[in-house]
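**Student:** Let me give you the structure first, and then I'll get to my questions.
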Amino acid sequence: IALLGQNINQLSETLETTISELKSANNELLRDIEKKNKIEKMRTEFLSNVSHELKTPIALIQGYAEGLKEGVNDDEESRNYYCEVIVDEASKMNQMVQKLLTLNQLEFGNKTVSLERFDVVDLIRNYLQSSLLLCEQKGVQLKMEDYPPIHVWADEFGVEEVFNNYFTNAMNHVDGEKIIEVQVQPTENKVRVSVFNTGAPIPEDSIAHIWEKFYKVDKARTRVYGGSGVGLSIVKAIMDSMNQSYGVLNYDNGVEFWFELDKGK
């Protein structure tokens, strides 16, 4: 009876261990299934959104190309206009595909994040210097204080991409007084970079969705300047990959987008 009791106890311990292992394996299996379903949902949404976004430029290119082929307009000015539309729409498609490839690499962890120490003020100043002509052409007043060097720890190429998306967004939506103001504000451990533009605030019901892929606050206006609705989702993916904060603030006279980086000692 003692031997039987001992064997039953051993059996009970083995059974408990086996059940524990099965529960752990089952939990991992559930997580894998959930991950697979999430990826499948992302893939389906991605294909649906891409198909929708490419439908308009493809239709325009096809229509204008057929018009050229059939000689709808014989004068050179009209032919040039048709060609410009085709080139413009092809360019928009190319930009969107490039952004989608970047976003895909970021979301699936295929893009390596390399943290290094660099002067973020110098990066921003160089970028703005190359944008002065565009600001002049659009009648935009660009403001930025004369900051001393401020070093941060971050992925330099990623930060430049984030700032590029913020500034491009500001250029596309600036209105009213047509002012774009860039600020670099260091604190004890962080550095906050912000891009403010005068114009209409973002509707409150849209703020929670602007970081989503293909989301557009004003679809008609976005179409005019060739926006794909991918830029801010790239910002989200880059900032998440660096575990840093980002966001947007509405003001009565405009909108401010910001992001934070670790301060370089």
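The values are calculated or read from the model by the stated rules, or taken from the named source; none is laboratory data. As the structure is a computational prediction, the values presented were derived from the model and not from experiment. Accessible surface is based on the protein model in full, side chains and every heavy atom, while ligands, DNA and RNA are left aside. Shrake-Rupley method; radii C 1.70, N 1.55, O 1.52, S 1.80 Å.
**Student:** Heavy atoms only, probe 1.4 Å: what % of the accessible area of the chain goes to carbon and sulfur, would you let me know?
**Tutor:** 52 percent
**Student:** At 1.4 Å probe size, with no ligands or nucleic acids counted, give the accessible surface of THR56 in Å², nearest ten.
**Tutor:** Here the residue's solvent-accessible area equals roughly 60 Å².
**Student:** Could you give the length gained by full extension between ILE19 and ALA90, i.e. 0.36 nm per residue of separation minus their alpha carbon distance, to one decimal place?
**Tutor:** 19.7 nm
**Student:** When all C-alpha to C-alpha distances in the range 76-169 are sorted into bins of 5 Å, what percent of pairs does each bin hold, rounded to whole numbers?
**Tutor:** Spelled out per bin, shortest first, that is 2, 10, 14, 16, 16, 15, 12, 7, 4, 2, 1.
**Student:** Between GLY254 and residues 5 or more places away or on another chain, which pairs have amide H atoms under 5 Å apart, with H built 1.01 Å from N, and which residues are they?
**Tutor:** Placed amide hydrogens put GLY199 under 5 Å from GLY254.
**Student:** Which residues' amide hydrogens lie under 5 Å from the amide hydrogen of PHE118, considering only partners 5 or more residues apart or on another chain, with H built in the peptide plane?
**Tutor:** Those lying under 5 Å, H to H, from PHE118 are VAL152, ALA154.
**Student:** Treating cross-link reach as a plain straight distance, find the lysines whose alpha-carbon is under 17 Å from the alpha-carbon of LYS41, omitting any fewer than eight places away in the same chain.
**Tutor:** In chain and number order, the partners are LYS213.
**Student:** Can you give the helix-only mean residue ellipticity at 222 nm for the chain, where every DSSP H stretch with n ≥ 4 adds -39500 (n - 2.57) and the sum goes over all residues, rounded to the nearest 500 deg cm²/dmol?
**Tutor:** Using -39500 (n - 2.57) per qualifying helix, the result is -21000 deg cm²/dmol.
**Student:** Another question about this same structure. Can you sort LYS265, LYS178 by 1.4 Å-probe accessible area, starting with the largest?
**Tutor:** So, going from the largest accessible area down, we get LYS265, LYS178.
**Student:** Something else: Could you state, as a whole-number percent, how many of the C-alpha pairs of the chain are farther apart than 30 Å?
**Tutor:** So the pairs more than 30 Å apart make up 47 percent of the total in the chain.
**Student:** Taking the solvent-accessible surface of protein heavy atoms with a 1.4 Å probe, what is the per residue accessible area of the chain in Å²?
**Tutor:** Heavy-atom accessible area per residue stands at 63 Å².
**Student:** Once ligands and nucleic acids are excluded and a 1.4 Å probe is used, how much of ASP74 is accessible, expressed in Å² to the nearest 10?
**Tutor:** Rounded to the nearest 10, that gives 120 Å².
**Student:** Round to the nearest 10 and report in Å² the accessible area of MET96, as given by a 1.4 Å probe over the protein chains' heavy atoms.
**Tutor:** 10 Å²
**Student:** Continuing with the same structure: Provide TYR166, TYR251, TYR81, TYR64 ordered by accessible surface of protein heavy atoms (probe 1.4 Å), highest first.
**Tutor:** TYR81, TYR251, TYR64, TYR166
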